[in-house]
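**Q** Encoded as structure tokens, here's the structure I'll be asking about.
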Amino acid sequence: MRLEPRVETPFYLWIAAPIAAIAASLVIAALLVMWAGAEPFAVFGLVAKGALGSQFALLETLTRATPLIFTGLAAAIAFRARLWNIGGEAQLYGGAVLAVLLGTGFLPLPAPVLVPLLFIAGAFAGALLLLGPTMLKTRFGVDEVVTTLLLNFIILLFVSFLLEGPLKDPMGLGWPQSRRVIEAAQLPRIIEGKRLHLGFVIAIAMAAIVWFVNARTTHGYEMRAVGFNPKAARFAGMKVDWVMMKVALFSGGLAAMAGVSEVTGLKGNLTLDLSPGFGYSGIVVAMLAMLHPLGVVAASIFVAAMFVGADAMSRQAGVPNYIAHVMVATALLTMVVGMLFTRFRVHWR
Amino acid sequence: MDAIEIVFTASLWAAAIRIASPLIFATLGELICERAGVLNLGIEGIMTVGAFTGWFTVYMGGDLWTGVMVAALSGAAFGLLHGLLVVPLGLSQHVTGIGITLLATALTSYVYRVALPEVTSPPKIDPFQPWAVPIFSDIPFLGSALFNQTPLTYLAFVSVALVAYVLYRTPLGLAVRMVGENPAAVEAQGIDVTVLRIGAVMVGSAFMAVGGAFLTMSAFNSFYFDMVNGRGWIAIALVVFGSWRPGKALLGAILFAAFDAYQLRLQQIVAGIPYQFFLMLPYVLSILALITMARRAGYPRALMIPYRKGER
Amino acid sequence: MTMSDDGRPADIVLRLAGISKRFGDLRANDDISLELRRGEVLALLGENGAGKTTLMNILFGHYVADAGRIEAFGRPLLPGSPRAALDAGIGMVHQHFTLADNLTVQDNIVLGTEKLWSWRGHTARARARIANLAADFGLAVDPAKRIADLSVGERQRVEILKALYREARILILDEPTAVLTPQESEALFATLKKLVANGLSIIFISHKLNEVLAVSDRIVVLRQGRVVATRPTQGATSADLAELMVGRAVPMPKIEPQAAGAELLVLSGVRLVGPEGRAELDDVALAVREGEVHGLAGVSGNGQAALADLLCGLRRADAGSFRLLDQDMTGAETASIARLMGRIPEDRHAVGLIGDMSITENMIAERYRAAPFARHRLIDWRAARRFTQDIIAGFDVRCPGPQATTRLLSGGNMQKLILGRELSGEPRIILAAQPTRGLDIGAVAYVHEQLLAARRRGAGILLISEDLDELLSLSDRISVIYRGRLSAALPRAEFDVGRIGLMMAGHGFDGARHAA
């Protein structure tokens, strides 16, 4: 078997590759569902219904998609520059901690001032958390995948310490949880009485901003150039290390916004289960979106639909909701294979 | 007992060897993959798979060594998947590895839930028991530290020696080292790069899975979802720390585990420091190990560089 | 076709019949047939891009041909398997050595010759055999040394030993002299004679006419993937061969005498220490003047890359000074050097261009920060495209358009893009590192033409090349680099192949030992 680079990618492949990838992961999921003794089509139907079948379901899916858009953008922008930020989880908690530190009464400001401030402060914390591994990469050549992964464990333990110590809610009946943020720090709901909050709009706005930065500014141009070929970028006079820093600040900040958004928009306080792996799912989202910022929005909604739908399905059909995790992981792998075929043609001899 | 005396207790070192065992398997596995030029970030998931399949085999009535074999085979299966994606297809080893970890972890959780829908607390098995090596276990200090462990720990040490011998003394080992340095050189000598690399990744992944199985079959006696808990990532750091050499990696793992065992004991005698900071120590140590060794590490030159036949 | 035992002349050891191979639209090999006889040196002559390397890669099993068949010693050869080629007694010395730098000579030679699944290698026996082979064929090299510690010439000997160790009966050498000094080439030719005397048959791939005439018995000329002539070496002339090879007579570029002006680029006392603490450049002094081509000769790996990196602003000198157009550039940033100097890097693919980006994105890589391409950090893509279209038109780049992905262009077109980006601003000083390596004859001529045009308008050009013929025909002066040290510049009147060749091997560098 040999792979030959394509001179041109036919347009249909850009559509067909993701569809084939999703289809392949559906087939694998179907086999697993059958093994569990259930009827795949019925199960998929329940997943779809649970994710999109009612206004409640749909809003729930969008609510779940919100943090994924942030972490997906974070991964997309970093991966585009070949900065392997797997530390979305740590950065998310970093943002959440800042939101709780400043939003529980420390800054008695009105909402229009406080909310943007929390997002900025949170983003700053996340950015700093990625800056460390990035500097270790550029200065010492330490692989950032491992350092960001290890940092996830360190930060989670640190949050656990905070929640049992300095940030512990005295009224929390001993549970490791923080106090609730003040009213002015809470994001308004988009539809009265429903859980979908302003964070979703902010996430979409961030996607648009990332798209604009990528396509139109010198920053985006530098980040892409450095990602594709750091040697050539350096030869052309770009300061590769500095560009990497910019990417780190941007990416870490975006991931942290997921934490701020979850705390101020949905949960109200910080607990150790604030994120059921949004940081890792963000990687899948970014790959499914082929690293395109607007694609991230669509991919986030797809992944969120899987999770929300699978939760609903497992209550009714008895198939474990982990099937959603399996599907999302297979979708990641089938998608990278699919993307390969947009760049290469396969010869079987 | 004060903080210094602990260092000289045999029980500390016995614990260190015990804690080191899964890391030795995992580090050895990652080392084999990377020596062949393939980064395997699937390690965390593959360890989880090994922990589950080994334990589950025994739970279903298999004997302990059958469990170890099943764990190794299931690890090799995921190694095959990783190998197929990154060797002939040349996909990003970073992204694919993370994908393998996510997939392996998710599949394990799913299978566990489907296979054991009714259980509320994880069922237990009869794990490997310590086996005192005759004569050697009578050596003062060393005997109780090193020679009163479970058979899987002995297997870990034997594996290090075996892998080191194969890598440095046999034609196969030479081919594996060479393919990690320059795959074109291997192909020009008539050896199939794809087969060699996939084979190395499968063997390496089998070791990782046995490392996971150690957790459920020797260190503990049942399976929990998050029990691997970053050990795979630590193993990757240990490979760098050991400069891609089995002997040094073994020393690194033991040193690391000794720190871990030490902090566990220190927790009990040092008051006032929250336990979370002790738990952070292994991860912080791993990062420090990476920093100190990164510059001088003699990494395999073709690591993470895909090789497509006939393409230059 | 029938097998060898019914009437075929027994002395044909290798037969290629009707080999064809396409890459996309390119016919790399088109119905090529040739025969190799026992004990002969067959030269495969052709320009870069004529299909020589593709043909040999098919023979050696790196590629599979679309059509055609190969027989070695009368037996059909399994396509697509280097192993089958090796087993059939075919050995290949690749143009880019296939050696692992961190392993020893012996490891590299022995690999793949023993059963993989065995508990031990035969170290002592292997060492003795290597020593014998080395002594018999004049291929002295220490089996215990790491490849990284060997000179280029020694590495080539290891490659030949690899084939001999496997008892190859047919040896293919792909452009073996490209990296050697003239003296080393002579030694190689002597080795080849010994091999032929021992009954080996050799295919010698080259585009250098004088070598082919000196070393071969028969010559096959390839042009655009086809065999255009097969003839005995005796009686062939370089003029005929050149025309066959190129399809038309090619005039060598000529430089007209022209007075040099002020010194534009001046290095003095420059020292550059590598990551392992070894001096890659040592006390280098160099002056490139207005209106001259200053050639830099040397065997690959003697510090050319370090010098080019320094001049391009990728590395900074540990001692000494670097002045450009009367400005001190010793600690300057890459971008400020790029503004003053046209820089043509050695590696088009890895350094010159970003293959995965569009042509437009590549063309603005050095100027995207300022007007007219950017205002307030916003890129004006329309201005960028106009600029790119001008380059495409002005430098005769064949491409689908400014949005095309750069990776997919041919080497010649990539080099034209780099020339366009670097020369369209008419810089007064130009660095050209190996600017014609791997290009076909048309593109080579184009590059030479552009450099000479720049010289005519008064630019100072530093031309780093491993092709001595190129340097001799284009340069006003030539300096030789050897182990990080630079000789004084020889004026054109003193150009002499023998003398420069000796200097490339270290003669005249005080304190330097002669190259092994």
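**Q** Looking at this structure, is B:S74 assigned to a helix (DSSP H, G or I), in contact with a helix residue (DSSP H, G or I) (Cβ under 7 Å, 6 or more places away or on another chain) and within 14 Å of chain A (Cβ to nearest Cβ)?
**A** For B:S74, the condition - assigned to a helix (DSSP H, G or I), in contact with a helix residue (DSSP H, G or I) (Cβ under 7 Å, 6 or more places away or on another chain) and within 14 Å of chain A (Cβ to nearest Cβ) - is not met.
**Q** Here is a follow-up. If I ask for residues that are at pLDDT 95 or above and of a type outside the set (V, I, T), which ones from region B:137-167 would you list?
**A** B:P151, B:L152, B:Y154, B:L155, B:A156, B:F157, B:S159, B:A161, B:L162, B:A164, B:Y165, B:L167
**Q** Conditions: (1) away from chain C (no Cβ under 14 Å); (2) in a helix (DSSP H, G or I). A:V319 meets all but one. Number of the miss?
**A** Unmet condition: (2).
**Q** Can you tell which of B:Y299, B:Y283, B:Y262, B:Y307 is touching a residue at least 40 places away in the same chain (Cβ under 8 Å) and under 17 Å from A:L151 (Cβ atoms)? First the steps, then the outcome.
**A** Numbers: B:Y299 fails: under 17 Å from A:L151 (Cβ atoms); B:Y262 fails: under 17 Å from A:L151 (Cβ atoms); B:Y307 fails: under 17 Å from A:L151 (Cβ atoms).
B:Y283 is the lone residue from the list that is touching a residue at least 40 places away in the same chain (Cβ under 8 Å) and under 17 Å from A:L151 (Cβ atoms).
**Q** Just checking, does region C:452-464 include any residue being buried (at least 22 other Cβ atoms within 10 Å of the Cβ), outside the structural domain of C:H207 (by TED's automatic domain parsing) and under 18 Å from the mean Cα position of the chain (by Cα)?
**A** The first filter runs over region C:452-464 and keeps only residues buried (at least 22 other Cβ atoms within 10 Å of the Cβ), leaving C:454-455, C:459-464.
Those still in the list that are outside the structural domain of C:H207 (by TED's automatic domain parsing) too: C:454-455, C:459-464.
Now drop any that are not under 18 Å from the mean Cα position of the chain (by Cα), which leaves C:463-464.
Checked against the condition, which is being buried (at least 22 other Cβ atoms within 10 Å of the Cβ), outside the structural domain of C:H207 (by TED's automatic domain parsing) and under 18 Å from the mean Cα position of the chain (by Cα), region C:452-464 yields at least one hit.
**Q** Look through region A:1-33, keep the residues that are touching a Gly at 6+ places or on another chain (Cβ under 7 Å) and at pLDDT 85 or above, and return whichever of them is nearest to the other protein chains (Cβ to nearest Cβ).
**A** Per the stated criteria, the residue is A:A21.
**Q** Ok, one more. Pick out the one residue from A:A29, A:A74, A:A81 that is touching a Pro at 6+ places or on another chain (Cβ under 8 Å) and surrounded by 19 or more Cβ atoms within 10 Å (Cβ to Cβ).
**A** Details: A:A74 fails: touching a Pro at 6+ places or on another chain (Cβ under 8 Å); A:A81 fails: touching a Pro at 6+ places or on another chain (Cβ under 8 Å).
Sole residue among the options that is touching a Pro at 6+ places or on another chain (Cβ under 8 Å) and surrounded by 19 or more Cβ atoms within 10 Å (Cβ to Cβ): A:A29.
**Q** In region B:1-23, what residues are in contact (Cβ under 8 Å) with a residue 12 or more places away in the chain and part of a loop (DSSP other than H, G, I, E, B)? It would help to see each step written out before you state the result.
**A** Filtering region B:1-23 down to residues in contact (Cβ under 8 Å) with a residue 12 or more places away in the chain leaves B:1-3, B:6-7, B:10-23.
Answer for region B:1-23, where residues must be in contact (Cβ under 8 Å) with a residue 12 or more places away in the chain and part of a loop (DSSP other than H, G, I, E, B): B:M1, B:D2, B:A3.
**Q** Okay, next question. Identify, from the list C:I364, C:I391, the residue that is crowded, with 18+ Cβ neighbours inside 10 Å, at pLDDT 90 or above, out of contact with any Cys (no Cβ under 6 Å at 6 or more places or on another chain) and within 13 Å of chain A (Cβ to nearest Cβ).
**A** C:I364
Table: residues versus (1) at positive phi; (2) modelled with pLDDT of 90 or more; (3) in a helix (DSSP H, G or I).
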residue: B:G272; (1), (2), (3): yes, no, no
residue: B:Q276; (1), (2), (3): no, yes, yes
residue: B:A297; (1), (2), (3): no, no, no
residue: B:L303; (1), (2), (3): no, yes, no
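**Q** Taking the condition of being in contact with a Pro (Cβ under 9 Å, 6 or more places away or on another chain) and over 21 Å from B:L12 (Cα atoms), how many residues in region B:236-279 meet it?
**A** Going through region B:236-279 one residue at a time, the tally reaches 1.
Conditions (1) out of contact with any Pro (no Cβ under 9 Å at 6 or more places or on another chain); (2) over 20 Å from A:R234 (Cβ atoms); (3) free of Cβ contacts under 8 Å to residues at least 24 places away in the same chain, marked per residue:
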residue	(1), (2), (3)
C:S321	yes, yes, no
C:T330	yes, no, yes
C:Y368	yes, no, yes
C:A371	yes, yes, yes
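**Q** If you check B:V95, B:V58, which single one turns out to be at pLDDT below 95, surrounded by 22 or more Cβ atoms within 10 Å (Cβ to Cβ), in a helix (DSSP H, G or I) and touching a helix residue (DSSP H, G or I) at 6+ places or on another chain (Cβ under 6 Å)?
**A** Working: B:V58 fails: at pLDDT below 95.
Exactly one residue qualifies, and that residue is B:V95.
**Q** Here is a follow-up. Which is outside any helix (DSSP H, G or I) and either more than 26 Å from A:L31 (Cβ to Cβ) or in contact (Cβ under 8 Å) with a residue 24 or more places away in the chain (or both), of A:M290, A:M313?
**A** On the way: A:M313 fails: outside any helix (DSSP H, G or I).
One residue alone meets the criteria, A:M290.
**Q** Still on this structure, I have one more. Scan C:Q224, C:Q234 and give me the residue that is within 28 Å of C:Q450 (Cα to Cα), surrounded by fewer than 19 Cβ atoms within 10 Å (Cβ to Cβ), at pLDDT 85 or above and not charged (D, E, K, R).
**A** Details: C:Q234 fails: within 28 Å of C:Q450 (Cα to Cα).
Exactly one residue qualifies, and that residue is C:Q224.
Results for (1) closer than 21 Å to A:G50 by Cα; (2) within 13 Å of another protein chain (Cβ to nearest Cβ), shown as yes or no for each residue.
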site	(1), (2)
A:G259	no, no
A:N269	no, no
A:A286	no, yes
A:A299	yes, no
A:M339	no, yes
A:H347	no, yes
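**Q** Next question. For C:D440, indicate whether it is acidic (D, E) and out of contact with any Asp or Glu (no Cβ under 9 Å at 6 or more places or on another chain).
**A** Details: acidic (D, E): yes; out of contact with any Asp or Glu (no Cβ under 9 Å at 6 or more places or on another chain): no.
No: the conditions fail for C:D440.
**Q** Could you please find all residues in region C:169-206 being in contact with a helix residue (DSSP H, G or I) (Cβ under 8 Å, 6 or more places away or on another chain), surrounded by 21 or more Cβ atoms within 10 Å (Cβ to Cβ) and assigned to a loop (DSSP other than H, G, I, E, B)?
**A** Hits for region C:169-206 are C:P176, C:L180, C:T181.
**Q** Mind counting the residues in region C:322-361 that are among the β-branched types (V, I, T) and more than 10 Å from chain A (Cβ to nearest Cβ)? Working first, answer last.
**A** Of all residues in region C:322-361, those among the β-branched types (V, I, T) come to C:330, C:334, C:337, C:344, C:351, C:354, C:359-360.
Now drop any that are not more than 10 Å from chain A (Cβ to nearest Cβ), which leaves C:330, C:344, C:359-360.
Matching residues across region C:322-361 total 4.
**Q** OK, next. Determine which member of the set C:D347, C:D390 is closer than 19 Å to C:K416 by Cβ, out of contact with any strand residue (DSSP E or B) (no Cβ under 9 Å at 6 or more places or on another chain) and not aliphatic (A, V, I, L, M). If you could, list the steps in order and put the result at the bottom.
**A** Values: C:D347 fails: out of contact with any strand residue (DSSP E or B) (no Cβ under 9 Å at 6 or more places or on another chain).
Checking each option against the conditions leaves just C:D390.
**Q** Being within 10 Å of chain C (Cβ to nearest Cβ) and either touching an Asp or Glu at 6+ places or on another chain (Cβ under 8 Å) or not in a helix (DSSP H, G or I) (or both) is the filter here; which residues of region A:196-223 pass it? Spell out how you get there, then give the answer.
**A** First pass over region A:196-223, keeping only residues within 10 Å of chain C (Cβ to nearest Cβ): A:212-213, A:215-222.
Of everything in region A:196-223, those that are within 10 Å of chain C (Cβ to nearest Cβ) and either touching an Asp or Glu at 6+ places or on another chain (Cβ under 8 Å) or not in a helix (DSSP H, G or I) (or both) turn out to be A:T217, A:Y221.
**Q** Within region B:144-160, can one find any residue that is free of Cβ contacts under 8 Å to residues at least 12 places away in the same chain and closer than 30 Å to A:M339 by Cβ?
**A** Looking through region B:144-160, none of the residues is free of Cβ contacts under 8 Å to residues at least 12 places away in the same chain and closer than 30 Å to A:M339 by Cβ.
**Q** Residues to consider are B:A237, B:A213, B:A261; find the one that is modelled with pLDDT of 95 or more, small (G, A, S) and surrounded by 21 or more Cβ atoms within 10 Å (Cβ to Cβ).
**A** On the way: B:A237 fails: modelled with pLDDT of 95 or more; B:A261 fails: modelled with pLDDT of 95 or more.
Answer to the selection: B:A213.
**Q** Oh, and also: Please indicate, with yes or no, whether at least one residue in region A:149-156 is more than 9 Å from chain B (Cβ to nearest Cβ), within 19 Å of the chain's Cα centre (by Cα) and without any contact (Cβ under 8 Å) to a residue 12 or more places away in the chain.
**A** no
**Q** Here's something else I'd like to know. Based on this model, can you work out whether C:S118 counts as over 21 Å from the mean Cα position of the chain (by Cα) and under 22 Å from C:N57 (Cβ atoms)? Steps first, answer last, please.
**A** On the way: over 21 Å from the mean Cα position of the chain (by Cα): yes; under 22 Å from C:N57 (Cβ atoms): no.
Against the criterion (over 21 Å from the mean Cα position of the chain (by Cα) and under 22 Å from C:N57 (Cβ atoms)), C:S118 does not qualify.
**Q** Yes or no: A:V146 within 22 Å of A:E89 (Cβ to Cβ) and either part of a loop (DSSP other than H, G, I, E, B) or of a type in the set (S, T, N, Q) (or both)? Even if it seems obvious, please write down each step before you answer.
**A** Values: within 22 Å of A:E89 (Cβ to Cβ): yes; either part of a loop (DSSP other than H, G, I, E, B) or of a type in the set (S, T, N, Q) (or both): no.
Criteria not met by A:V146.
**Q** Which residues, taken from region B:220-270, are closer than 15 Å to B:L281 by Cβ, assigned to a loop (DSSP other than H, G, I, E, B) and within 14 Å of chain A (Cβ to nearest Cβ)?
**A** Across region B:220-270, the qualifying residues are B:N229, B:G230.
**Q** Step by step: first the residues of region B:159-176, then only those that are more than 7 Å from every other protein chain (Cβ to nearest Cβ) and under 15 Å from C:T104 (Cα atoms), then the one that is surrounded by the fewest Cβ atoms within 10 Å (Cβ to Cβ). Which residue is that? So that I can check it myself, show each step before the final result.
**A** We begin by selecting, within region B:159-176, every residue more than 7 Å from every other protein chain (Cβ to nearest Cβ); these are B:159-168, B:173, B:176.
Then drop every residue that is not under 15 Å from C:T104 (Cα atoms), which leaves B:167-168, B:173, B:176.
Numbers: B:L167: 19, B:Y168: 14, B:G173: 19, B:V176: 27.
Filtering region B:159-176 for residues that are more than 7 Å from every other protein chain (Cβ to nearest Cβ) and under 15 Å from C:T104 (Cα atoms), the one surrounded by the fewest Cβ atoms within 10 Å (Cβ to Cβ) comes out as B:Y168.
The values are calculated or read from the model by the stated rules, or taken from the named source; none is laboratory data. None of the values given here were measured: they were computed from a predicted structure. In this analysis, Cβ positions are derived from the backbone assuming ideal geometry, glycine residues included, and neighbour counts consider all displayed protein chains.
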